[in-house]
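Report on one structure; see the data block that follows.
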Amino acid sequence: MLTDPRYHTNARRLENNDETNRIVEKWIAQLPREELLEKLDSYGVPVSPVMSIADIFENEQYKARENIVEVKHPRLGTIKVPGVVPKFEKTPGSIRSVAPDLGENNEAILNSLGFSGEEIQRFEEKNVI
């Protein structure tokens, strides 16, 4: 490709976009991910891997930024959840509790809307809530 005039400029590469992509895809497929990332980085090519969930949970940067944090869950024990992003110096934020179980706050919410205990019980009996 270095000597082929079809690829000398970005405009020419775009004219031959399908072929350029095929060549690049074939080359990428031959290299292990880490070797590919190192090679591209060494040439100053902007690159970032597509991470799987497993990759994210093991990634040192995610850990250092507290993008995944552990919290206590009343039924599930210790679980990992997304952390607070972005982080601000004066108000960094934190996770203070896990989400409520389905329907856990029904009574309090319906009471605050003016429904009586009897009405809420009827809703439950009729499987409205």
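Across the options Asn59, Val69, Tyr7, the greatest Cα extent toward the positive end of the charge dipole of the chain (unit charges at beta carbon of Lys, Arg, Asp, Glu) belongs to Tyr7. You can think of it this way: the chain between Ile53 and Val81 has 8.9 nm of extra reach, that is 0.36 nm per residue less the Cα-Cα gap.
Translational diffusion of the range 31-129 was estimated from the Stokes-Einstein equation, with Rh taken as the Kirkwood radius over Cα pairs; at 37 °C and 0.692 mPa s the coefficient is 181 µm²/s.
For the chain, a simple Cβ point-charge model (Lys and Arg +1, Asp and Glu -1, everything else neutral) yields a dipole of about 340 debye relative to the Cα centre. If the segment from Val45 to Arg22 were pulled out straight at 0.36 nm per residue, it would be longer than the present Cα-Cα gap by 6.5 nm. Restricting the trypsin sites (Lys or Arg not before Pro) of the range 22-129 to loop positions (DSSP other than H, G, I, E, B) with no more than 16 neighbouring Cβ atoms within 10 Å leaves Arg65, Arg75, Lys87, Lys90, Arg96, Lys126.
Our summary gives the chain a relative contact order of 9 percent, counting only alpha carbon pairs under 8 angstrom and 6 or more residues apart. Rounded to the nearest 10 degrees, the angle from helix 33-42 to the longest Cα principal axis of the chain is 60 degrees.
With 0.36 nm allotted per residue and the present C-alpha distance subtracted, the Ser112-Thr3 stretch has 31.8 nm of extension available.
Within the chain, what is the longest stretch that has no chymotrypsin sites (Phe, Trp or Tyr not before Pro) placed in a DSSP loop and near at most 11 other beta-carbon atoms within 10 Å? Longest gap between qualifying sites, sites excluded: 44-87.
No value in this document is a laboratory result; all are computed from the given coordinates. A quick note: this is a predicted structure, and the numbers were derived from the prediction, not measured. Virtual Cβ from ideal backbone geometry, glycine too; neighbours counted across all protein chains shown.
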